[in-house]
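> Got a structure for you, written out below as structure tokens; questions coming shortly.
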Amino acid sequence: MAGGARRLYRRILQLHRALPPALRDLGDRYVKEEFRRHKAAGPAEAQRFLREWENYAALIQQQIKEGKQNLREKAVYGIQLTEEKLNDFRDEQIGQLKELMDETTKPHKKITISKDSECKT
């Protein structure tokens, strides 16, 4: 994966700038990890990988555009995975999906710093 992958990677990170901060942070970390993991992928796997990320970028771009046009409703990002799509995933991908789900459903901790520099949750 060479120049085309780099352009796609930068495009996705740029698209993420329009997402809410928590989604942006999570998305950026996930994209960086996935692109790093697939750096040495074979040609067929690299092509499949890039095609899926191209689809993701197009979807996110469309959803960002719709969100800007529809200011009264809360923007929704992503898609619902079908059972057919889930059945195509390898065990490793299912594990990654579970980790992603766990990360997105974690309760957010608020940290307050007091005058004596103690952290409280």
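> Quick one: would you say Ile79 is under 21 Å from Ala22 (Cβ atoms) and modelled with pLDDT of 90 or more?
no
> So which pairs qualify, if the first residue must be in region 22-40 and more than 15 Å from Tyr56 (Cβ to Cβ), the second must be surrounded by 15 or more Cβ atoms within 10 Å (Cβ to Cβ) and aliphatic (A, V, I, L, M), the Cβ gap must be under 7 Å, and the two must be at least 6 apart or on different chains?
Lys39/Met1
> Does any residue in region 74-101 that is more than 13 Å from Tyr30 (Cα to Cα) come within less than 7 Å, Cβ to Cβ, of a residue that is assigned to a loop (DSSP other than H, G, I, E, B) six or more places away or on a different chain, and which pairs are these?
Pairs found: Tyr77/Leu19.
> Please determine, by comparing only the residues of region 1-15 that are in a helix (DSSP H, G or I) and surrounded by 17 or more Cβ atoms within 10 Å (Cβ to Cβ), which one is modelled with the lowest pLDDT.
The selected residue is Ala5.
> Follow-up question, since we're still on this one. Give region 105-121 a look and list any residue that's of a type in the set (S, T, N, Q), modelled with pLDDT under 70, open to solvent by 70 Å² or more (accessible area, probe 1.4 Å) and out of contact with any Cys (no Cβ under 8 Å at 6 or more places or on another chain), or say none.
Of everything in region 105-121, those that are of a type in the set (S, T, N, Q), modelled with pLDDT under 70, open to solvent by 70 Å² or more (accessible area, probe 1.4 Å) and out of contact with any Cys (no Cβ under 8 Å at 6 or more places or on another chain) turn out to be Ser117, Thr121.
The values are calculated or read from the model by the stated rules, or taken from the named source; none is laboratory data. Nothing here was measured: the structure is a model prediction, and the numbers come from that model. In this analysis, Cβ positions are derived from the backbone assuming ideal geometry, glycine residues included, and neighbour counts consider all displayed protein chains. Note: areas computed on protein heavy atoms with side chains; ligands, DNA, RNA excluded. Shrake-Rupley method; radii C 1.70, N 1.55, O 1.52, S 1.80 Å.
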